[in-house]
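Note sheet for the following structure.
Any read-out appearing in this document is the output of simple, stated calculations on the displayed coordinates, not a laboratory observation. Everything numeric here is computed off the predicted structure, so don't read it as measured data. Please note: Cβ atoms are built from the backbone with ideal geometry, for glycine as well, and neighbour counts cover all protein chains shown.
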Amino acid sequence: MKRLTYLAFAIAFIFSILVLIFKWGERVSRTSAFDSSAENRLVMIIDAGHGGADGGAVAPDGTSEAEINLSVAIKLDLIAALFGTKTVLTRDSAHIDYPAGARTIAEKKVADQRSRLAVINGTPGAVLVSIHQNNFPSVTPHGAQTLYAATAGSKELALRIQELLISFADPTNTRGAIKATDDIYLMRNAKCPAIILECGYLSNKDEFNRLTEGGYQTRLAAAIEASWLSLTKELEAVCVKG
Ligand SMILES: [Zn+2]
């Protein structure tokens, strides 16, 4: 039964993606969305934030941000594969291998961030999609929010993702996409278009419950893939050379 529910969700969202692509038909030519030779030069780097020794933010019930990030990242990878989008995951499990010299958690975090950056900046045609969860001392704040780097194409991708997150996953969300602050290592150092999706607040009980549901995670992932497909031409123009 669970499998059937999941399948129904998947089909419903694939259908939604197709409807949205056609909705943008005037702005996106058929070739930009469906020409595999163009699309295949782009690579979506799916970065599940934290992991290994670094669990990230922690929900009141002890669930770590790292676990939810990975669940959303894996769903995004599956949906992306359905549409022929090339992907690279910076991690695909809870485990992270650290260099022998990294002993403290701080050293491990630094080593991990450096190795992720090496993957991002070493992949031709890369576009970074980093998945995180928010947390706040008060239980009130809620709503997914997309942050963008200063590099070309980042803001456009973030704005589109924010728009689709609201229509696909949470119509009550009034947040807009914002520029990432300079203290975020990957946002500051990635040379390609780069965004962070803060999927929601672990500190808000209702939102936390949704963030742990497979169906909601699928909606978030579908919003990202639909945004990607609708901006293929624009992203290719800024990050594929030659
Ligand atoms: Zn995080």
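Quick check on my filter: what residues within the stretch 124-164 are aromatic (F, W, Y) and under 14 Å from the mean Cα position of the chain (by Cα)? Step through it out loud before you land on a result.
Looking only at the stretch 124-164, we keep the residues that are aromatic (F, W, Y), and these are 136, 148.
Of everything in the stretch 124-164, just one residue is aromatic (F, W, Y) and under 14 Å from the mean Cα position of the chain (by Cα), namely Y148.
So in the stretch 110-139, with the set limited to residues that are in contact with a strand residue (DSSP E or B) (Cβ under 9 Å, 6 or more places away or on another chain) and of a type in the set (S, T, Y), which one is farthest from the ligand (Cβ to nearest atom)? Explain how you work it out, then say what you get.
First pass over the stretch 110-139, keeping only residues in contact with a strand residue (DSSP E or B) (Cβ under 9 Å, 6 or more places away or on another chain): 112, 116, 119-120, 123-136, 139.
Now narrow it down to the ones that are of a type in the set (S, T, Y): 123, 130.
Values: T123: 22, S130: 9 Å.
My answer is T123.
The rows are residues; the columns are (1) in contact with a helix residue (DSSP H, G or I) (Cβ under 9 Å, 6 or more places away or on another chain); (2) assigned to a helix (DSSP H, G or I); (3) touching a residue at least 40 places away in the same chain (Cβ under 8 Å); (4) not aromatic (F, W, Y).
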| site | (1), (2), (3), (4) |
| --- | --- |
| I131 | yes, no, yes, yes |
| A150 | yes, no, no, yes |
| E156 | yes, yes, yes, yes |
| I161 | yes, yes, yes, yes |
| L165 | yes, yes, yes, yes |
| T172 | yes, no, no, yes |
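Taking the stretch 182-217, which residues are closer than 18 Å to L165 by Cβ, of a type in the set (V, I, T) and free of Cβ contacts under 8 Å to residues at least 60 places away in the same chain? Working first, answer last.
Kept after step one, since they are closer than 18 Å to L165 by Cβ, are these residues of the stretch 182-217: 193-202, 204, 206-217.
Add one more test, that the residue is of a type in the set (V, I, T), and what stays is 195-196, 212.
None - no residue of the stretch 182-217 is closer than 18 Å to L165 by Cβ, of a type in the set (V, I, T) and free of Cβ contacts under 8 Å to residues at least 60 places away in the same chain, so the list stays empty.
Name the single residue, out of those in the stretch 39-66 being more than 12 Å from the ligand (Cβ to nearest atom) and within 19 Å of E207 (Cα to Cα), that is surrounded by the fewest Cβ atoms within 10 Å (Cβ to Cβ).
Step by step, filter the stretch 39-66, then rank; the result is G62.
Tally up the residues in the stretch 100-119 that are assigned to a helix (DSSP H, G or I) and in contact with a helix residue (DSSP H, G or I) (Cβ under 7 Å, 6 or more places away or on another chain), please.
The initial filter retains those residues of the stretch 100-119 that are assigned to a helix (DSSP H, G or I), namely 105-119.
Now drop any that are not in contact with a helix residue (DSSP H, G or I) (Cβ under 7 Å, 6 or more places away or on another chain), which leaves 113, 116-117.
Total satisfying the criteria: 3.
Could you check D97 against (1) surrounded by fewer than 20 Cβ atoms within 10 Å (Cβ to Cβ); (2) in contact with a Cys (Cβ under 6 Å, 6 or more places away or on another chain); (3) not β-branched (V, I, T) and say which number it fails?
Among (1) surrounded by fewer than 20 Cβ atoms within 10 Å (Cβ to Cβ); (2) in contact with a Cys (Cβ under 6 Å, 6 or more places away or on another chain); (3) not β-branched (V, I, T), the lone unmet condition for D97 is (2).
Only one residue in R103, R91 is free of Cβ contacts under 8 Å to residues at least 24 places away in the same chain and either more than 24 Å from R210 (Cβ to Cβ) or within 16 Å of the ligand (Cβ to nearest atom) (or both), so which one is that? Lay out the reasoning, then the answer.
Values: R91 fails: free of Cβ contacts under 8 Å to residues at least 24 places away in the same chain.
Result of the check over R103, R91: R103.
Quick check: anything in the stretch 192-211 closer than 29 Å to R114 by Cβ, outside any strand (DSSP E or B) and within 15 Å of the ligand (Cβ to nearest atom)? Break it down into steps so the answer makes sense when it comes.
Residues of the stretch 192-211 closer than 29 Å to R114 by Cβ: 192-202, 211.
Now restrict to residues that are outside any strand (DSSP E or B): 192-193, 202, 211.
Cutting the leftovers down to within 15 Å of the ligand (Cβ to nearest atom) gives us 202, 211.
The answer is yes, given that some residue of the stretch 192-211 is closer than 29 Å to R114 by Cβ, outside any strand (DSSP E or B) and within 15 Å of the ligand (Cβ to nearest atom).
Name the residue that is farthest from S115 (Cα to Cα), counting only residues in the stretch 49-95 that are of a type in the set (S, T, Y) and part of a loop (DSSP other than H, G, I, E, B). Break it down stepwise before answering.
Step one: of the stretch 49-95, the residues of a type in the set (S, T, Y) are 63-64, 71, 85, 87, 90, 93.
Of the ones still in play, those that are also part of a loop (DSSP other than H, G, I, E, B) are 63, 85, 90, 93.
Working: T63: 25, T85: 23, T90: 9, S93: 16 Å.
Only one residue tops the list, namely T63.
Does N121 fit the bill of being more than 14 Å from the chain's Cα centre (by Cα), within 27 Å of L202 (Cα to Cα) and not small (G, A, S)? Step through it out loud before you land on a result.
Details: more than 14 Å from the chain's Cα centre (by Cα): yes; within 27 Å of L202 (Cα to Cα): no; not small (G, A, S): yes.
No, not satisfied.
Is it true that S227 is part of a helix (DSSP H, G or I), buried (at least 17 other Cβ atoms within 10 Å of the Cβ) and out of contact with any Cys (no Cβ under 7 Å at 6 or more places or on another chain)?
On the way: part of a helix (DSSP H, G or I): yes; buried (at least 17 other Cβ atoms within 10 Å of the Cβ): yes; out of contact with any Cys (no Cβ under 7 Å at 6 or more places or on another chain): yes.
Yes.
Does A144 satisfy the criteria of being more than 21 Å from N121 (Cβ to Cβ), within 16 Å of the ligand (Cβ to nearest atom) and in contact with a strand residue (DSSP E or B) (Cβ under 7 Å, 6 or more places away or on another chain)?
Spelling it out, A144 is indeed more than 21 Å from N121 (Cβ to Cβ), within 16 Å of the ligand (Cβ to nearest atom) and in contact with a strand residue (DSSP E or B) (Cβ under 7 Å, 6 or more places away or on another chain).
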